[in-house]
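The structure appears right after this line, and notes come after that.
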Amino acid sequence: MLVSLLDRFLHEDAEKIDDPYLFERLVWVGYGVLARRGDDDDQHDLLGTVARRLLTYSYGAVDSPAHASRNALLCEAATRVVTLAHRAGAVTSEEADAVRHPHACAQIGQAPAEEDLDVLFPWREQKESLWGSLRSSLSPLGDFADDQVRPAMRHFSLLPLSTDYPRRPAWQRADDPVVVDPARIPAFAQSLPESVRPALSTPAAVEQLLTGRKARDVLDADQYALLRACRVPPTDDERLAAAHVDAEWAARWVLARVADLGWTPELFAAFDNMRSHHSGSRQPHKGERIGKKYQWMALHELVERLANHRHPHRRTEHDAAEYPGAARLSLLDIDPSLPPARHPFSDTDDGNSPDEADHATFAIADPAHPLAPPVPDLPDDEGVDEWISRPDNLPDLDELGIRTDSQDRQWIVLYEQAMDDHDGRGWNVTRGQAEQWHRIQSWLVPAPQLTSLLTWLEGRSFTNRLMPEGPDRHSLLLADFPTVPGPWTDPEPDSWHVSTFQYDEPSSDEDASFVPGDDDLSTPEPAPGPPASEESVAIAIWRERREKRREELLLELAEQWADGPMEDDEDHWLERTLAAQPHGRMVFATGPDGEPVTAIPTDQTYNWSGQSLDCSLDASVSVTLLSDPLLRDSRLRRDPDRSFWYDTDGQLQVQYLTWDRPSGRAYSLLVSREWLEHHLERSGHCLVQGMIGERQPVTAEHPRVWREFSQSAGRTAQGQGKPGTIVTEIKKSIR
């Protein structure tokens, strides 16, 4: 069916395509079908057939209505299918190379000048709105320009792909010595008062001003600009690589392209203005203006043109050297690998304030499920204070960290969050309530380091991010997990090392805060706007004092540098700031040989919003799944309609379960004990679990006192458990 749809769309309807999203959605549906099919043997031929259709029509002739260069999302969808086919061996590497950037694509083109906009796209005419809605949305402070265009443009530099990237990028040149152009010094010198010119306009003084921070304190904006102009500029390729595409230019390009695509005030202004007045900003799945759809089409076309004609904008060596795809730019608005929303006829509720669980993409588990965390024994109103003060009957990780299902299979809790109160209504109550919550996290640790890490954790609370946390993913599709290793997907190696920083209490004669002195001019100027008369006077006085102090500092610096600049004079304020900080001590967990402990989080979070553009979902999706180090090479397959993962024999090995119960909610990621122990044995790791939680009152009738509790535990590949001591403490609010 999928191949038939593609053939009909490409052969019979290609000339009728005037909206690349029609084709893009069809390809996404195909990708979702293929991704959800898993690794079945009959997938190979289907993958190859679909991929070759896309290679022919989406990466062939540029004038094809289905060509990938027309839209970044169309390109993304086609690329994913071809990449999926290549990984399965259904197409060759030579065929798959066709989807790489750059590929055939129209030139970027020009944007209209700012001064021409009123002539080309007038706001209104005789009180009749013309281009007003689009001009407003694409103005420098407009919603689409600021929220969508600007973030996308930050990913592209001004350097053409036809020019090689600089051999020494900006981050490598950051520590290069300043080189001054003597011919530019006279212009800077003329901007200075005559009394300070001899001392501050020598080549050595200009070099020192460009090197340190002093110039920002003693020069005004015009003088500082002339000073910076004294520096020998970078080469053209270095300058273009360091600058990203101007967002205001891009917004004007989008506006012009919207007009080219067919939006006119005569056809659409009345409808769009009506939609603007009747569509609430917080309404889920709100209907958009036709002009907004044209803006998206233009932006996605601009992104694709930039991807094929500009180098990515890189600030560090870890930034992508090649266009990373629309997903990395957070442009995707649908996840085809998720189960679709329920059919409207399947709804059984009356629509009056339906519970969020009724619209969940993945089914909520039965509250009586044997793997659900136990409901705590919560007190009534009279017993809340005693319940908090007594340290007994706290959750025990030795029992809470492992569960047994109805088939007597044991499951290890890798991640869990449970929140329970007196009647499940949380904080929106008026009578006395008690609440208890706990969170469990876990990490893989090299087996030789387990004992030393558990010793270090003993007696420590898990507050303040004591251990590293797994990533929270927002711009990937669920079918993308596990991700391909790389700087975009994997944290820095050092982030896996367990460490914490603790400060000693400062002595009574130490001031832990830095109070700016009279010579500190970093106070920001008040925001512009029509102030009250008293505020106007205050601002005028502040500006006058600032300029007077700046002149004094300029004279002081000239006196100090009469015989030449003093290199050790720079950054005195930084030294003072550091000296005022409390003296701390660094505390590290170390292995038996003194090396840092490597702790790899076992979980990561996937989130996809269903409240805006993705109308295929009834509610946002949040799933906690195994981290990439655990998923890679695991050969686990996810159930296409549930958050379950199976091995090659079809045995359930990992599951993420959620519960809505009368007392609250719970979320658990569980892995079968036999599968986990086999993985630990094969990889040479052990498991460390950590739990933290609180008991607290809910209403103001009780003192703001609560109890914290935490505990650590270790598990070896041989199934041996090593629980730690429960650490608990009473906390009181200072308010």
ASP641 vs. criteria open to solvent by 10 Å² or more (accessible area, probe 1.4 Å), modelled with pLDDT of 90 or more and more than 17 Å from ARG473 (Cβ to Cβ):
no
Restricting attention to the stretch 158-198, report how many residues are at pLDDT 90 or above, among the hydrophobic types (A, V, I, L, M, F, W, C), open to solvent by less than 60 Å² (accessible area, probe 1.4 Å) and over 14 Å from LEU227 (Cβ atoms).
2
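Return the total of residues in the stretch 687-697 being over 12 Å from ILE388 (Cα atoms) and either open to solvent by 10 Å² or more (accessible area, probe 1.4 Å) or modelled with pLDDT under 90 (or both). If you could, list the steps in order and put the result at the bottom.
Restricting attention to the stretch 687-697, the residues satisfying the condition of being over 12 Å from ILE388 (Cα atoms) are 687-693.
Adding the requirement that they be either open to solvent by 10 Å² or more (accessible area, probe 1.4 Å) or modelled with pLDDT under 90 (or both) leaves 692.
The qualifying residues number 1.
Is it the case, given these coordinates, that VAL429 is of a type in the set (A, V, I, L, M) and at pLDDT below 90? Even if it seems obvious, please write down each step before you answer.
Values: of a type in the set (A, V, I, L, M): yes; at pLDDT below 90: yes.
The answer is yes for VAL429.
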Return the residue satisfying two criteria in turn: it lies in the stretch 648-682 and is among the β-branched types (Val, Ile, Thr) and assigned to a strand (DSSP E or B), and of such residues it is surrounded by the fewest Cβ atoms within 10 Å (Cβ to Cβ).
THR658
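Which one of these is open to solvent by 40 Å² or more (accessible area, probe 1.4 Å) and either part of a loop (DSSP other than H, G, I, E, B) or over 20 Å from ARG310 (Cβ atoms) (or both): HIS86, HIS103? Break it down into steps so the answer makes sense when it comes.
On the way: HIS103 fails: open to solvent by 40 Å² or more (accessible area, probe 1.4 Å).
Selected residue: HIS86, the only one of HIS86, HIS103 that is open to solvent by 40 Å² or more (accessible area, probe 1.4 Å) and either part of a loop (DSSP other than H, G, I, E, B) or over 20 Å from ARG310 (Cβ atoms) (or both).
Can you name every residue in the stretch 199-209 that is of a type in the set (Gly, Ala, Ser) and either open to solvent by 60 Å² or more (accessible area, probe 1.4 Å) or touching a helix residue (DSSP H, G or I) at 6+ places or on another chain (Cβ under 6 Å) (or both)? Steps first, please.
Step one: filter the stretch 199-209 for residues of a type in the set (Gly, Ala, Ser), giving 199, 201, 204-205.
Residues satisfying the conditions are ALA199, SER201.
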(1) assigned to a strand (DSSP E or B); (2) modelled with pLDDT under 90; (3) closer than 30 Å to ALA363 by Cβ: which one isn't true of LEU617, the others all being true?
(1)
List the pairs whose first member sits in the stretch 224-250 and is open to solvent by 60 Å² or more (accessible area, probe 1.4 Å), whose second member is among the basic types (Lys, Arg) and not in a helix (DSSP H, G or I), and whose Cβ atoms are under 7 Å apart, counting only residues at least 6 apart or on separate chains?
HIS244/ARG154
Does TRP131 count as open to solvent by 60 Å² or more (accessible area, probe 1.4 Å) and of a type in the set (Phe, Trp, Tyr)?
no
Within the group LEU414, LEU371, LEU394, LEU400, which residue is touching a residue at least 24 places away in the same chain (Cβ under 8 Å) and touching a His at 6+ places or on another chain (Cβ under 8 Å)?
LEU400
Say whether the condition of being assigned to a loop (DSSP other than H, G, I, E, B) and open to solvent by 50 Å² or more (accessible area, probe 1.4 Å) is met by at least one residue in the stretch 63-82.
yes
Considering only residues that are assigned to a strand (DSSP E or B) and more than 33 Å from the chain's Cα centre (by Cα), which ones fall in the stretch 683-705?
PRO697, VAL705
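Tell me yes or no: at least one residue of the stretch 461-468 is modelled with pLDDT of 85 or more, open to solvent by 30 Å² or more (accessible area, probe 1.4 Å) and not in a loop (DSSP other than H, G, I, E, B). Spell out the reasoning first.
Initially, the stretch 461-468 is screened for residues modelled with pLDDT of 85 or more, giving 461, 467-468.
Those left that are additionally open to solvent by 30 Å² or more (accessible area, probe 1.4 Å): 461.
After this cut, where a residue has to be not in a loop (DSSP other than H, G, I, E, B) as well, the list is none.
Checked the stretch 461-468: no residue is modelled with pLDDT of 85 or more, open to solvent by 30 Å² or more (accessible area, probe 1.4 Å) and not in a loop (DSSP other than H, G, I, E, B).
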Here's a check for you: in the stretch 364-388, which residue that is assigned to a helix (DSSP H, G or I) and surrounded by fewer than 15 Cβ atoms within 10 Å (Cβ to Cβ) is modelled with the lowest pLDDT?
GLU382
Contacts under 7 angstrom Cβ, first residue in the stretch 465-478 being under 19 Å from GLN689 (Cβ atoms), partner part of a loop (DSSP other than H, G, I, E, B), 6 or more apart:
LEU466/ARG460; MET467/VAL498; MET467/ALA599; PRO468/VAL498; PRO468/ALA599; GLY470/SER627
If you scan the stretch 197-243, which residues turn out to be among the hydrophobic types (A, V, I, L, M, F, W, C) and assigned to a loop (DSSP other than H, G, I, E, B)?
LEU219, ALA229, CYS230, VAL232, ALA243
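Being of a type in the set (Ser, Thr, Tyr) and modelled with pLDDT of 90 or more is the filter; apply it to the stretch 698-735 and report the residue that is surrounded by the fewest Cβ atoms within 10 Å (Cβ to Cβ).
Looking at the filtered set, the residue picked out is THR725.
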Of the residues that sit in the stretch 389-405 and are open to solvent by 20 Å² or more (accessible area, probe 1.4 Å) and among the hydrophobic types (A, V, I, L, M, F, W, C), which one is nearest to GLU435 (Cα to Cα)?
LEU394
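In the stretch 107-124, which residue that is among the aliphatic types (A, V, I, L, M) and part of a loop (DSSP other than H, G, I, E, B) is surrounded by the most Cβ atoms within 10 Å (Cβ to Cβ)?
Once the filter is applied, the top-ranked residue is ALA111.
Does GLN441 fit the bill of being in contact with a Lys or Arg (Cβ under 7 Å, 6 or more places away or on another chain), at pLDDT 90 or above, open to solvent by 20 Å² or more (accessible area, probe 1.4 Å) and closer than 29 Å to CYS686 by Cβ? So that I can check it myself, show each step before the final result.
Numbers: in contact with a Lys or Arg (Cβ under 7 Å, 6 or more places away or on another chain): no; at pLDDT 90 or above: yes; open to solvent by 20 Å² or more (accessible area, probe 1.4 Å): yes; closer than 29 Å to CYS686 by Cβ: yes.
No.
If a residue has to be open to solvent by 10 Å² or more (accessible area, probe 1.4 Å) and either under 17 Å from GLU416 (Cα atoms) or not in a helix (DSSP H, G or I) (or both) to count, how many in the stretch 445-460 make the cut? Walk me through how you get there before you give the answer.
Within the stretch 445-460, the first condition is being open to solvent by 10 Å² or more (accessible area, probe 1.4 Å), and the residues that meet it are 446-449, 451-452, 454-456, 458-460.
With the extra rule that they be either under 17 Å from GLU416 (Cα atoms) or not in a helix (DSSP H, G or I) (or both), the set shrinks to 446, 458-460.
Residues that pass the stated criteria total 4.
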Which one is surrounded by the fewest Cβ atoms within 10 Å (Cβ to Cβ) among residues in the stretch 210-223 that are within 17 Å of GLU559 (Cα to Cα) and in contact (Cβ under 8 Å) with a residue 24 or more places away in the chain?
ASP217
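The values are calculated or read from the model by the stated rules, or taken from the named source; none is laboratory data. For clarity, every value in this text was computed on a predicted model and none was experimentally measured. Here the Cβ is made from the backbone with ideal geometry for all residues, glycine too, and neighbour counts use every protein chain on show. Ligands, DNA and RNA are stripped out before the accessible areas are found, and what is left, the full protein with its side chains, is counted by its heavy atoms. Shrake-Rupley method; radii C 1.70, N 1.55, O 1.52, S 1.80 Å.
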